[in-house]
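Engineer: The structure is given below, and queries will be raised subsequently.
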Amino acid sequence: MDALLIVDVQNDFLPGGTLAVEEGDQIIPVINKLQEKFDFIVATQDWHPSVHRSFAKNHPGRQIGEIISLNGDEQVLWPVHCVEGSEGAKFHKDLDREKWKKVFQKGTNPMVDSYSGFYDNSRKENTGLSDYLHDHDITDVYIVGLAADYCVKFTVLDAIREGFDVNLVTDATKAVNLAPEDLENALKEMSKAGANLLSSDDIS
Ligand code: VGL
Ligand code: ZN
């Protein structure tokens, strides 16, 4: 059975937000149209405490975009974004939510970042998403949302590892592109790992 997985379509990742993805709002109508074709829809929500260690502000003297070591892993320092309960953490008002079965929050532990909707970046804790999908006999996942080079990419790679057939809908995602080639590299990495890249028009 198929599921649509909507990653982090939240105000802070959209134009006007603190970690805005350029043209991120353009995917909202594409995702809404796609939702008509699915019965099983779930979403992820980036949801950080204000003291989160991925925020540059919580490392005095460090700048946004710098890379530090956090728990032995490389960590990009981000602007404050998606703080729990804030306006920026809310889903965009135009995103249809009527059919969503469940929302999986991630990044709630202040000590570790969590790009994937399945596991935190240290792979110690999981959100319950994999069990939830398997328990509902989901075999094929179609992944959309923000951002293509971070949370979408890590969610795609984990979904493959968790044994799903994974499709990335390329016209329903946009990248942060800290470096201009990040989107292209992310698409290559996902494809090489076994994800099927397709357009929303190809889904019946
Ligand atoms: C994301 C950076 C930090 C994302 C979340 O949703 O892609 N990127 N937190
Ligand atoms: Zn985040």
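The values are calculated or read from the model by the stated rules, or taken from the named source; none is laboratory data. Keep in mind the model is a prediction, meaning the values are calculated, not measured. Cβ placement follows ideal geometry from the backbone for every residue including glycine, while neighbour counts extend to all protein chains displayed. Ligands, DNA and RNA are excluded from the accessible area calculation, which covers all protein heavy atoms including side chains. Shrake-Rupley method; radii C 1.70, N 1.55, O 1.52, S 1.80 Å.
Engineer: Which of the residues belonging to the range 26-66 are of a type outside the set (Val, Ile, Thr) and open to solvent by 70 Å² or more (accessible area, probe 1.4 Å)?
Structural biologist: 26, 29, 33, 36, 37, 39, 53, 57, 60, 61, 62, 63 - these are the residues of the range 26-66 that are of a type outside the set (Val, Ile, Thr) and open to solvent by 70 Å² or more (accessible area, probe 1.4 Å).
Engineer: Of the numbered conditions (1) surrounded by fewer than 19 Cβ atoms within 10 Å (Cβ to Cβ); (2) charged (D, E, K, R); (3) part of a helix (DSSP H, G or I), residue 153 satisfies every one except a single condition; which is it?
Structural biologist: (1)
Engineer: Restricting the range 129-150 to residues that are over 14 Å from residue 44 (Cβ atoms) and β-branched (Val, Ile, Thr), which is least open to solvent (accessible area, probe 1.4 Å)?
Structural biologist: Ranking the candidates gives 138 first.
Engineer: On to the next question. Could you list, in sequence order, all residues of the range 104-148 that are within 14 Å of ligand 1 (Cβ to nearest atom) and β-branched (Val, Ile, Thr)?
Structural biologist: Scanning the range 104-148 gives 108, 112, 127, 143, 144.
Engineer: Under 9 Å between Cβ atoms, which residue pairs at least 6 apart in sequence (or on different chains) link something in the range 58-78 that is in a strand (DSSP E or B) and within 16 Å of ligand 1 (Cβ to nearest atom) with a partner that is of a type in the set (Gly, Ala, Ser) and open to solvent by 80 Å² or more (accessible area, probe 1.4 Å)?
Structural biologist: That search, which allows pairs on different chains as well, returns 75/69.
Engineer: Keeping to the range 1-25, report how many residues are open to solvent by 20 Å² or more (accessible area, probe 1.4 Å), out of contact with any Pro (no Cβ under 8 Å at 6 or more places or on another chain) and more than 16 Å from ligand 2 (Cβ to nearest atom).
Structural biologist: Number satisfying all stated conditions: 4.
Engineer: To continue, here is another question. Which of the residues that make up the range 184-197 are out of contact with any strand residue (DSSP E or B) (no Cβ under 8 Å at 6 or more places or on another chain) and open to solvent by 60 Å² or more (accessible area, probe 1.4 Å)?
Structural biologist: Scanning the range 184-197 gives 184, 185, 188, 189, 192.
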